[in-house]
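Asks: This is the structure, below, for whatever I ask next.
The values are calculated or read from the model by the stated rules, or taken from the named source; none is laboratory data. None of these values were measured; they are calculated from a predicted model. Note: ideal-geometry Cβ built from the backbone for every residue, glycine included; neighbour counts use all protein chains shown.
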Amino acid sequence: MSGSSTIYRSSTTAPVNIAVIKYWGKRDTALNLPTNSSLSVTLSQKSLRTHTTASCSESYSGPDSLILNGDKEDIQSSKRTQACLKHLRSLRQQLEAKDTSLPKLSKLTLRLVSANNFPTAAGLASSAAGFAALVRAIADLYELPQSPQELSLIARQGSGSACRSLMGGYVAWRAGTKEDGSDSLAEEVASVSHWPQMRALILVVSAEKKGVPSTAGMQTTVETSTLSPARFKDIVPKRMQDIEKAIQERDFETFARITMQDSNSFHAICLDSWPPIHYLNDVSRAAMNAVETANRKAGKLIAAYTFDAGPNAVIYYLEENAHKVAGVIKNILPWTSGWEGEFGEAIPPNEFGSLEQ
Ligand code: ADP
Ligand code: DP6
Ligand code: CO
């Protein structure tokens, strides 16, 4: 039984993912199609996560709304959020057309309430966890039968990196070749259990909102960087192949080298953009030095740094080298906030959906 006061509700959490081969450039800004494929590791939701509740009711009036971290977001003018909502509603409509006994949720106002338990818009992939959670919460509310891969097509339209947060372990976003974007989706290349020793350490250098949002920054790069065409066309496709092989073979040294090279390549095309985009600062560079020192001391690559669009470092290493990595970094970066706190802990990759709520 459902009266006009019934509130339909669904809550979910989604993890962040940190790319080792970076997405930085769109070939189609309307559909959010990338210039190149990318690959990431999905991190445990026990540390960093987005929690989102979606609800709808006949008693709700007015436009759809989103409260993010306690503040109202303007989703009416966000074409990308609107694209996600439209797509999810049309899938619900198809269900309602097939089974007329279903409540017509597709016609009701949606209210979304979301919170990130980590800094938003600071280069720690909040848009990835955020849109993955938004899409999952609404898909659950609408009882959609679509697979994570099908949902990744929708999340991609909200934020590119979000398509990779709908799966656990090692996840590729295939750039695809179709103009309509129907083959630009996420695919799990290896599960967490394939390489369970992998750990990520997050050093929060700054929790402040970045000066240049990812969407704007990558557009400047595509339009102005003279180095970027080579990255999109030759460099990244080769690295995708090599890093996937390294993951399959659990070859940490190759994984680490390519991860650091690709992070540096991404920040190089940022610097090569006009006006230049600076995401790294002196503490970031000290983190790079610390990792290089740890690797030199070990006589092999035991740690790999990577930086998204912000100064915060993510360091990948294997559990067996935890002490060596921590020792060097702790000595060199005593001022990094959160070392002893929630962001300083080792984060194993996430098996999606393993978090009990
Ligand atoms: P980040 O490096 O954190 O991903 P971006 O510049 O890519 O930064 O994206 C930040 C934007 O993503 C925010 O301004 C907001 O619009 C959106 N976002 C972040 N978290 C959420 C969330 N939980 N739900 C919906 N949108 C979110
Ligand atoms: C540096 O996915 O945030 O983190 O699609 O415009 O929302 P939009 O951009 P976004 O860009 C992520 C950039 C990156 C690299 C990566 O995650 O692959
Ligand atoms: Co983002």
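Asks: Examine region 168-181 for a residue that is within 16 Å of ligand 2 (Cβ to nearest atom) and either without any contact (Cβ under 8 Å) to a residue 12 or more places away in the chain or within 23 Å of THR6 (Cβ to Cβ) (or both), and state whether such a residue exists.
Replies: Among the residues of region 168-181, not one is within 16 Å of ligand 2 (Cβ to nearest atom) and either without any contact (Cβ under 8 Å) to a residue 12 or more places away in the chain or within 23 Å of THR6 (Cβ to Cβ) (or both), which makes the answer no.
Asks: Right, here's the next one. Restricting attention to region 204-238, which residues are in a loop (DSSP other than H, G, I, E, B) and of a type outside the set (Gly, Ala, Ser)?
Replies: Matches in region 204-238: VAL205, GLU208, LYS209, LYS210, VAL212, PRO213, THR226, LEU227.
Asks: Within region 288-298, does at least one residue satisfy the condition of being outside any helix (DSSP H, G or I) and either within 16 Å of ligand 1 (Cβ to nearest atom) or surrounded by fewer than 21 Cβ atoms within 10 Å (Cβ to Cβ) (or both)?
Replies: no
Asks: When the residues of region 316-338 are narrowed to those that are crowded, with 23+ Cβ neighbours inside 10 Å and at pLDDT 90 or above, which ends up nearest to ILE21 (Cα to Cα)?
Replies: TYR316
Asks: Name the one entry in ILE67, ILE75 that is part of a strand (DSSP E or B), hydrophobic (A, V, I, L, M, F, W, C), more than 30 Å from SER193 (Cβ to Cβ) and within 12 Å of ligand 1 (Cβ to nearest atom).
Replies: Residue meeting the stated conditions: ILE67.
Asks: Right, LEU102: more than 12 Å from ligand 2 (Cβ to nearest atom) and touching an Asp or Glu at 6+ places or on another chain (Cβ under 6 Å) or not?
Replies: Values: more than 12 Å from ligand 2 (Cβ to nearest atom): yes; touching an Asp or Glu at 6+ places or on another chain (Cβ under 6 Å): yes.
Spelling it out, LEU102 is indeed more than 12 Å from ligand 2 (Cβ to nearest atom) and touching an Asp or Glu at 6+ places or on another chain (Cβ under 6 Å).
Asks: Being assigned to a strand (DSSP E or B) and closer than 18 Å to TYR142 by Cα is the filter here, so list the residues in region 32-61 that pass it. Before the answer, list the steps.
Replies: Taking region 32-61 and keeping what is assigned to a strand (DSSP E or B), we get 33-34, 38-43, 49-57.
HIS51, THR52, THR53, ALA54, SER55, CYS56, SER57, listed by residue number.
Asks: Condition test on VAL41, is it among the hydrophobic types (A, V, I, L, M, F, W, C) and either within 12 Å of ligand 1 (Cβ to nearest atom) or at pLDDT below 95 (or both)? First the steps, then the outcome.
Replies: Numbers: among the hydrophobic types (A, V, I, L, M, F, W, C): yes; either within 12 Å of ligand 1 (Cβ to nearest atom) or at pLDDT below 95 (or both): no.
Judged against the criteria, VAL41 is not a match.
Asks: Hey, can you tell me all the residues within region 17-37 that are out of contact with any Gly (no Cβ under 8 Å at 6 or more places or on another chain) and closer than 17 Å to VAL189 by Cα?
Replies: Listed by number, the residues that qualify are ASN17, ILE18, ALA19, VAL20, ILE21, LYS22, SER37.
Asks: Considering each of PHE118, PHE131 in turn, give the residue that is in contact (Cβ under 8 Å) with a residue 24 or more places away in the chain, near ligand 1 (Cβ under 10 Å from one of its atoms) and more than 17 Å from SER159 (Cα to Cα).
Replies: On inspection, the qualifying residue turns out to be PHE118.
Asks: Of the conditions (1) under 19 Å from the mean Cα position of the chain (by Cα); (2) over 18 Å from ARG164 (Cα atoms), ALA97 satisfies every one except a single condition; which number is it?
Replies: ALA97 satisfies all of (1) under 19 Å from the mean Cα position of the chain (by Cα); (2) over 18 Å from ARG164 (Cα atoms) except (1).
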